[in-house]
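Report on the structure given below.
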Amino acid sequence: MLASLVILAALTFFLLKVLPGGPFDADIALNPLVKEKLNEHWQVERSWFVQAGSYLQGFVKGDLGVSMARPERTVADIIGQGLANTLALNGLSLVFILAGSIFISVIAIRYRDSWIENTIDQSVIAFLSLPSLFWGPLLIYLFGFYWNLLPVAFLSSPAHYILPLLTLSLRPLASLVRLLKNSLNENFHQDYVRTAKAKGVGTWRILIHHVLKNSLIPFLSYVGPLIVSLLSGSFLVEVLFAVPGLGTEFISALNERDYTLIMGLTLFYGTLLIIVNSLIDVLLKFVDPRLREEA
């Protein structure tokens, strides 16, 4: 984990160095002496090896530094302030996607070869074909302006979560429905299902207690990439709906070339994703005994 974070920090530093512009290249030109002093204070003119080494020394001690664009605030303080909104939005989206995909997939398999399955299949294709950049403005226009039913900015009340949650969730939900539906359909034709039917076990009981359980392995293996997708996708959603979260802070930091904040957010996201993927691996071994035997 530590090696991965060091490599991530080095790559991020390198990419920041090759980006045009700098943290003090503002629209209003600074006095050359002031700019020189600022560059000297923040070691901007020094080689990226020296800067990376200096930053990693502080990171190992738990110090993420001070924001270059807002020197009165620390990076840890900015992350802490935006973390609650980002986790709330992503957490609700994850619950909605997991619960919704299981429910929709089971319904589709239960009513195979019916108009219900056809409607679900067509909806999945539509949601997979169109990105959040399409759904976000469309939902804002329809529910925020045309019908005037829902708020379109900030997260001040439960109603404020609906549109950003849908924008963030529709495409991943469709992906999971397709994955789980295929897995359910494959397991539904196994011998143990025929045996259960021969014993007179009802269709719903077979689906819930037998087929669904055996279909969750590929489903759970996708949860790790799903969380990565949600965290990266929330950048755009937070900007679209003016959510004061980490995604908005990251975009702002990139625009301002706030190197310390970009590094802090990158390492924070990297740590979070590494922990999540590790927990998913443990969960998969717990669910599937074959993986425990291989380990």
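The values are calculated or read from the model by the stated rules, or taken from the named source; none is laboratory data. Keep in mind that this is a model prediction, so the values were computed, not measured. Positions of Cβ are generated from backbone atoms using ideal geometry, with glycine treated the same way; all protein chains shown enter the neighbour counts.
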One residue is enough: does the range 90-101 have a residue meeting the conditions aliphatic (A, V, I, L, M), without any contact (Cβ under 8 Å) to a residue 60 or more places away in the chain and either within 20 Å of Ala153 (Cβ to Cβ) or not assigned by TED's automatic domain parsing to the domain that holds Ser215 (or both)? no
When restricted to Leu64, Leu19, Leu2, the only residue under 27 Å from the mean Cα position of the chain (by Cα), within 16 Å of Phe250 (Cβ to Cβ) and modelled with pLDDT under 80 is Leu19
Wholly inside the range 72-189, helices (runs of 4 or more DSSP H) that include 3 or more residues that are closer than 30 Å to Ile208 by Cβ are 75-110, 115-129, 162-187
Ser105 - would you say it is loosely packed, with under 14 Cβ neighbours inside 10 Å and under 29 Å from Leu220 (Cβ atoms)? no
Have a look at Val44, Val50 and point out the one that is part of a helix (DSSP H, G or I), modelled with pLDDT under 90, aliphatic (A, V, I, L, M) and farther than 29 Å from Gly233 by Cβ. Val50
Checking the condition closer than 25 Å to Thr86 by Cβ and either surrounded by fewer than 18 Cβ atoms within 10 Å (Cβ to Cβ) or basic (Lys, Arg) (or both), which residue from Phe145, Phe154 passes? Phe154
Quick check on the range 230-246. Is at least one of its residues over 23 Å from Ile97 (Cβ atoms) and in a helix (DSSP H, G or I)? no
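Conditions (1) outside the structural domain of Leu56 (by TED's automatic domain parsing); (2) modelled with pLDDT of 85 or more; (3) closer than 24 Å to Ser67 by Cβ, marked per residue:
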{"position": "Tyr192", "(1), (2), (3)": "yes, no, no"}
{"position": "Thr195", "(1), (2), (3)": "yes, yes, no"}
{"position": "Gly202", "(1), (2), (3)": "yes, no, no"}
{"position": "His209", "(1), (2), (3)": "yes, no, no"}
{"position": "Lys213", "(1), (2), (3)": "yes, no, no"}
{"position": "Phe219", "(1), (2), (3)": "yes, no, no"}
{"position": "Glu238", "(1), (2), (3)": "yes, yes, yes"}
{"position": "Gly245", "(1), (2), (3)": "yes, yes, yes"}
{"position": "Glu249", "(1), (2), (3)": "yes, yes, yes"}
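Conditions tested, residue by residue: (1) touching a residue at least 12 places away in the same chain (Cβ under 8 Å); (2) farther than 20 Å from Leu98 by Cα; (3) among the small types (Gly, Ala, Ser).
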residue: Thr119; (1), (2), (3): no, no, no
residue: Pro137; (1), (2), (3): yes, yes, no
residue: Gly144; (1), (2), (3): yes, yes, yes
residue: Leu173; (1), (2), (3): yes, no, no
residue: His210; (1), (2), (3): yes, no, no
residue: Phe219; (1), (2), (3): yes, no, no
Can Leu138 be described as more than 27 Å from Leu207 (Cβ to Cβ) and at pLDDT below 95? yes
Counted residues, the range 178-195 - those being within 26 Å of the chain's Cα centre (by Cα) and loosely packed, with under 15 Cβ neighbours inside 10 Å: 1
